[in-house]
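One structure is given here, and the rest of the page talks about it.
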Amino acid sequence: MQFGFAGATPPAARNSARPAKARTGWRRGVRRATTGWAFAGPATFIVVGLSVFPAVWAFVISRTKWNGIAPAKNVGWGNYQLMTEDPELTSAIRHTVVLTALFVPSSILLGLLIAVALNRKIRFVGFYRTCIFVPYVASAAATGILATFVFNPQFGIANDTLRRLHLPTQQFLESHSQALVVICLIALWGEVGFTAVIYLAALQDIPPELLEAGAIDGAGRFRIFWHIVVPELRPVTVFTAVWQTITALQLFDLIYTTTRGGPLQSTETVVYYMYELAFQTQKFGYGSAVAYGLFAVTVLLTLGIFWYSRRAKVEAF
Amino acid sequence: MTTTTTPPITAITEAPAPPQPDRRRFRLPFSGWHLLLMPLSLLFVIPLLQMVLTSFMSDGDINRFPPKFIPTALHISGYKGLFTDSHILRWLVNTIIVAAIAVTAQMVLCSMAGYGFARLKFAGRNVGFFLMVATVMIPTQLLMIPTYLMFTRLGIVNTLAAAFVPWLATAFGIFLMRQFFLSLPAELEEAAAIDGAGAWQIFFRIVLPLARPALATLALFTLLDSWNDLVWPLIAISDERWYTLQVGLTMFQGTRHTQWSLLMAGNVVATMPLIIAFIVAQKRFVATMTFSGLKG
């Protein structure tokens with residue numbers, strides 16, 4: 001036998017290969033490492049090579065002024081300093097915050113509501129589930145193009161509906177005060193199926209005894225939901241919160257295919273601004289610095305949610 | 001219960017109307033949840049339905065006021081324009097090639113790595129696994145510039161490789177397979193090891209056949225990701241012949257933003273294969289989502 005089984009040891013000992021290693025010889029260790037890395041190496045090499053290596057490179061670039069052609073000029077922390085006094089970045093941050101603040105809670109609440117409804121044993125439930133989930137499969141590019149048609153002020157179905165209901169028609173994606181909200185709605189349309197399906201699975205995992213116990217104690221439907229179901233769902237909620245926050249922070253395809261940051265830069269998020277800096281105006285250095293800023297915020301937010309969930313004793317992952 | 005959380009979009013009138021609630025005070029003849037689910041489902045499906053219907057309209061139909069939902073007759077001018085004026089067939093083939101390579105590579109590489117990290121003990125395993133998982137936090141946008149530069153140096157800008165290389169192996173795929181292998185009982189493998197089978201033999205003969213459900217899951221996710229990817233081909237491919245469907249669509253949008261039947265026909269070609277695949281494989285897909293979602 002030339003390799004050990006992690007699975008054969010009790011789970012607690014799974015991560016400490018040390019006692020076994022001490023007994024085995026040096027040669028065996030080398031052979032094990034060769035086999036192990038032959039299995040794990042190729043994929044790890046690709047994943048790390050396409051993320052850690054470019055991430056480090058991005059950091060190097062972020063400390064230069066570079067358009068990709070002329071030699072890069074070292075500017076130290078200049079780009080990061082520039083970020084603090086860039087009004088366009090400030091408004092991009094504001095748009096990102098608004099989008100995230102709209103998108104994350106509504107996708108969680110709507111997903112939960114849909115999951116609760118889909119968890120009933122009623123007719124057509126399979127059909128409903130299919131309908132609600134199908135948009136998740138459509139690409140963001142196709143969704144964006146479809147949305148520009150649906151929300152077209154002249155002949156889109158959205159305004160047509162408003163007209164039939166004798167409500168004032170809207171400019172939607174062409175209005176600088178509505179575009180961001182409309183994009184959030186489109187993103188919800190595409191993403192809420194995901195949240196709903198995850199919540200649905202979690203709801204089905206709740207032991208029925210718990211709910212029965214609540215009913216025996218005389219709790220009403222709403223109190224059972226609030227005091228038993230919602231706390232049981234907390235790990236899933238933490239997971240979806242992290243997932244959807246990252247989705248909202250990195251939303252790019254939809255903005256690219258609907259408004260391209262307009263009108264009047266009202267939908268220019270940090271991610272889109274970064275794309276424009278790098279690939280439209282060739283400001284590689286400053287673009288990388290902005291990307292690093294976004295990275296730092298993502299990590300802080302993720303760690304923050306983890307820290308909070310650990311303090312609240314929720315095992316999310 | 002909380003009707004306040006539904007999005008403030010009004011029901012769409014031209015669709016088959018949801019069954020009217022019984023106005024009397026006593027019980028509805030059907031569950032009240034239908035009143036929530038029916039309009040919501042319509043809201044989710046009607047735009048897609050309209051996409052398909054519009055792709056069969058003539059431009060006259062589309063520009064009529066008030067707008068029509070159902071085409072007056074089956075017009076295929078959108079598809080005709082699509083197939084004659086653009087490389088859509090080529091883009092479709094490109095996309096299929098990219099997706100096929102990505103799916104195959106991930107099934108091989110990620111299952112191997114997942115098995116290695118789950119079952120084999122070797123120097124550097126924990127460090128390697130930790131490093132791999134940590135990469136999930138790096139946003140794609142941070143990688144865009146250096147990856148583009150890297151692709152330039154590797155000479156794969158303007159080739160299909162630029163579209164599939166980022167999907168050859170992903171941290172998510174490795175993680176998914178590792179979780180699956182950890183959930184398998186180890187007795188079978190131990191027995192095979194006692195009989196003198198090596199690691200590779202055990203992996204290919206015993207473990208992989210058991211991993212079919214997880215592999216199907218991985219394949220579905222990779223198909224979805226690589227087919228729908230816009231960012232990588234967008235930044236690295238500018239030669240029209242090597243576009244994928246998603247990039248082709250966005251290019252259309254820039255140049256033919258008034259030819260809605262053509263745009264919608266393009267959308268249909270780009271989304272319907274996956275939508276049909278999803279409806280066929282629905283059970284597996286939903287199981288997939290929950291599996292991956294809950295296990296993180």
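Rounded to a whole number of µm²/s, how large is the Stokes-Einstein D of the range B:148-217 at 25 °C and 0.890 mPa s, given Rh as the Kirkwood radius over C-alpha pairs?
Details: Rh = 14.8 Å.
It comes out at roughly 166 µm²/s.
List B:ASP61, A:ASP86 from most exposed to least, where exposure is judged by having the fewest other Cβ atoms within 10 Å. Kindly include the intermediate steps, with their values, before the conclusion.
Working: B:ASP61 19, A:ASP86 16.
Going from least to most buried by this count: A:ASP86, B:ASP61.
Using all alpha carbons of the range A:60-119, what is the percent of pairwise distances in each 5 Å bin, ordered from the shortest bin to the longest?
4, 15, 12, 12, 11, 10, 9, 8, 7, 6, 4, 2, 0
Identify which of A:GLN204, A:GLN178, A:GLN244 has the largest mean-square fluctuation in a Gaussian network model of chain A, with springs joining Cα atoms closer than 10 Å.
A:GLN204
Taking H as built 1.01 Å from N, whose amide H comes closer than 5 Å to the amide H of A:THR64, not counting residues under 5 places away?
A:VAL75
So for chain A, what percent of the C-alpha to C-alpha distances run longer than 35 Å? Please report the intermediate quantities before stating the final value.
Working: 21364 of 50086 pairs.
Pairs farther apart than 35 Å: 43 percent.
Excluding residues on the same chain fewer than 8 positions from B:LYS68, give the aspartates and glutamates whose Cα lies under 17 Å from its Cα.
Correct list for B:LYS68: A:ASP160, B:GLU14, B:ASP59.
To make sure I understand, if each residue's beta carbon is the centre and we count other beta carbons within 10 Å, what order do B:TYR115, A:TYR272 fall in, fewest to most? Walk me through the numbers before you get to the answer.
Working: B:TYR115 26, A:TYR272 22.
Lowest count first: A:TYR272, B:TYR115.
What percent do you get for the relative contact order of the range B:89-294 when only Cα pairs under 8 Å and 6+ apart count?
Details: 177 pairs, mean separation 69.4, N = 206.
It rounds to 34 percent for the range B:89-294.
When 1/r is averaged over all different Cα pairs and the result inverted, which Kirkwood radius in Å belongs to the range B:142-281?
On the way: mean 1/r = 0.0549 Å⁻¹.
Answer for the range B:142-281: a Kirkwood hydrodynamic radius of 18.2 Å.
Report the charge-dipole magnitude of the protein assembly as shown in Debye, nearest 20, computed about the Cα centre from +1 at each Lys and Arg Cβ and -1 at each Asp and Glu Cβ.
Details: 46 positive and 28 negative charges, 309 e Å.
Taking the Cα centre of the protein assembly as shown as origin, the dipole is about 1480 debye.
Give me P(r) over chain B, computed from all C-alpha to C-alpha distances, binned every 5 Å, as integer percentages.
Distribution as computed: 1, 5, 9, 11, 12, 12, 12, 11, 9, 7, 5, 3, 2, 1, 0, 0 percent.
Give the relative contact order (percent, whole number) for chain A; include only Cα pairs under 8 Å separated by 6+ residues. Don't jump to the answer; show the numbers that get you there.
Working: 319 pairs, mean separation 80.8, N = 317.
Once divided by the residue count of chain A, the mean separation gives 25 percent.
What span do the alpha-carbon atoms of the protein assembly as shown cover on each of the three principal axes, reported in whole Å from largest to smallest?
82, 75, 49
Under a GNM of chain B (C-alpha, springs under 10 Å), which listed residue has the highest mean-square fluctuation: B:SER183, B:SER58, B:SER226?
B:SER183
Compare B:ARG125, B:ARG178, B:ARG241 in a GNM of chain B, Cα atoms joined below 10 Å, and give the one with the largest fluctuation.
Greatest mean-square fluctuation among the candidates belongs to B:ARG125.
How big is the C-alpha Rg of the range A:244-317 next to the rule-of-thumb value 2.2 N^0.38 Å, as a ratio? Could you put the intermediate results ahead of the total?
Numbers: Rg = 15.4 Å, N = 74, 2.2 N^0.38 = 11.3 Å.
Normalised Rg, Cα atoms only: 1.36.
Based only on other Cβ atoms within 10 Å, what is the fewest-to-most ordering of B:LYS121, A:LYS121, A:LYS73, B:LYS68? Write out the running numbers ahead of the final one.
Working: B:LYS121 24, A:LYS121 6, A:LYS73 11, B:LYS68 18.
Fewest to most other Cβ atoms nearby, the residues stand as A:LYS121, A:LYS73, B:LYS68, B:LYS121.
Over the range B:133-173, what per residue volume does the convex hull of the Cα atoms give, in whole Å³? Walk me through the numbers before you get to the answer.
Details: hull volume 3.0 nm³, N = 41.
Hull volume normalised by residue count: 73 Å³.
Laboratory data are not the source of any read-out in this text; all were calculated from the coordinates shown. Values in this document were obtained by computation on a predicted structure and should not be read as measured data. FYI the Cβ positions are ideal-geometry reconstructions off the backbone, even for glycines, and counts take in every protein chain you see.
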